[in-house]
Amino acid sequence: QLVLFDGSIVSISNIQIGTVLKDGSVVTSTLVLEIQNATMFYLNNVLVTGSHIVQYNNTWISVKDHPRSIHVPDYKERMVYCINTSTGIINIGETTFTDWNEMLVDDFILHPAHFVINLVNGNVPISKCMLGDVLADNRIITGLARCIQPGSAYVWYHIYAE
């Protein structure tokens, strides 16, 4: 659960681009990804992947290495959600996480909503793609990102595929 600037609370799965968080940072991207082989942990009542980065004793470490993280071996959900913020930080309670930006690959390419993606069963705008869709080259969409860029009013899209 994220606390917004106005004091309201929203689930990370329902957060919208442009939302202002309690600390004043603005949500610049929303991501939904297949969980794949990620291991899940609870850290200070936050469910998070073990590879996510968290601040601990004035340094940054993986959640799985945090002494208070609790492994969740039987996690069965298919998707995990994350955001990017204007500060690169996500504060949840007293815990400070990095946002997704520190995990992006070098070839992160943003496309406009009408950009056509070739799927095995036809062509669709990137904004209509869903997790599990199969691309024409037989790769499967494992992640979707919606983003805004500074100075732009448009939402841009990126897909992850394996």
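For Leu47, indicate whether it is over 28 Å from Ser152 (Cα atoms), at pLDDT 90 or above and out of contact with any helix residue (DSSP H, G or I) (no Cβ under 8 Å at 6 or more places or on another chain). Please lay out each step first, then the result.
Working: over 28 Å from Ser152 (Cα atoms): yes; at pLDDT 90 or above: yes; out of contact with any helix residue (DSSP H, G or I) (no Cβ under 8 Å at 6 or more places or on another chain): yes.
Criteria met by Leu47.
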**Long-range neighbours under 6 Å by Cβ, at least six apart or interchain, first residue within 14 Å of Leu144 (Cα to Cα) and free of Cβ contacts under 8 Å to residues at least 60 places away in the same chain within region 20-49, second open to solvent by less than 40 Å² (accessible area, probe 1.4 Å) and part of a strand (DSSP E or B)** = Ile35/Val80
**Message:** List pairs: first residue in region 89-101 and farther than 21 Å from Cys147 by Cβ and in a strand (DSSP E or B), second residue open to solvent by 20 Å² or more (accessible area, probe 1.4 Å) and not hydrophobic (A, V, I, L, M, F, W, C) anywhere in the structure, Cβ distance under 7 angstrom, at least six positions apart or on different chains.
**Reply:** Thr95/Asn44; Thr96/Gln55
**Request:** Just give me the residues in region 48-78 being under 23 Å from Val26 (Cα atoms) and part of a strand (DSSP E or B), in sequence order.
**Result:** Val48, Thr49, Ile53, Val54, Gln55, Trp60
**Request:** Look at Gly88 and say whether it is closer than 30 Å to Gly7 by Cβ and either more than 20 Å from the chain's Cα centre (by Cα) or surrounded by fewer than 13 Cβ atoms within 10 Å (Cβ to Cβ) (or both).
**Result:** no
**Request:** Tell me, yes or no, whether region 56-71 has at least one residue that is closer than 26 Å to Ser8 by Cβ and loosely packed, with under 15 Cβ neighbours inside 10 Å.
**Result:** no
**Request:** Quick one: count up the residues across region 11-46 that are in a strand (DSSP E or B) and either of a type in the set (Phe, Trp, Tyr) or loosely packed, with under 15 Cβ neighbours inside 10 Å (or both).
**Result:** 3
**Complete:** The number of residues in region 131-159 that are farther than 16 Å from Val27 by Cβ, open to solvent by 40 Å² or more (accessible area, probe 1.4 Å) and part of a strand (DSSP E or B) is 2
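The values are calculated or read from the model by the stated rules, or taken from the named source; none is laboratory data. Since this is a predicted model, take the numbers as computed values, not measurements. Ideal geometry is used to build each Cβ from the backbone, glycine not excepted, and the neighbour counts take in all protein chains shown. For the accessible areas, the whole protein counts, side chains as well, though only heavy atoms, and no ligand, DNA or RNA atoms are used. Shrake-Rupley method; radii C 1.70, N 1.55, O 1.52, S 1.80 Å.
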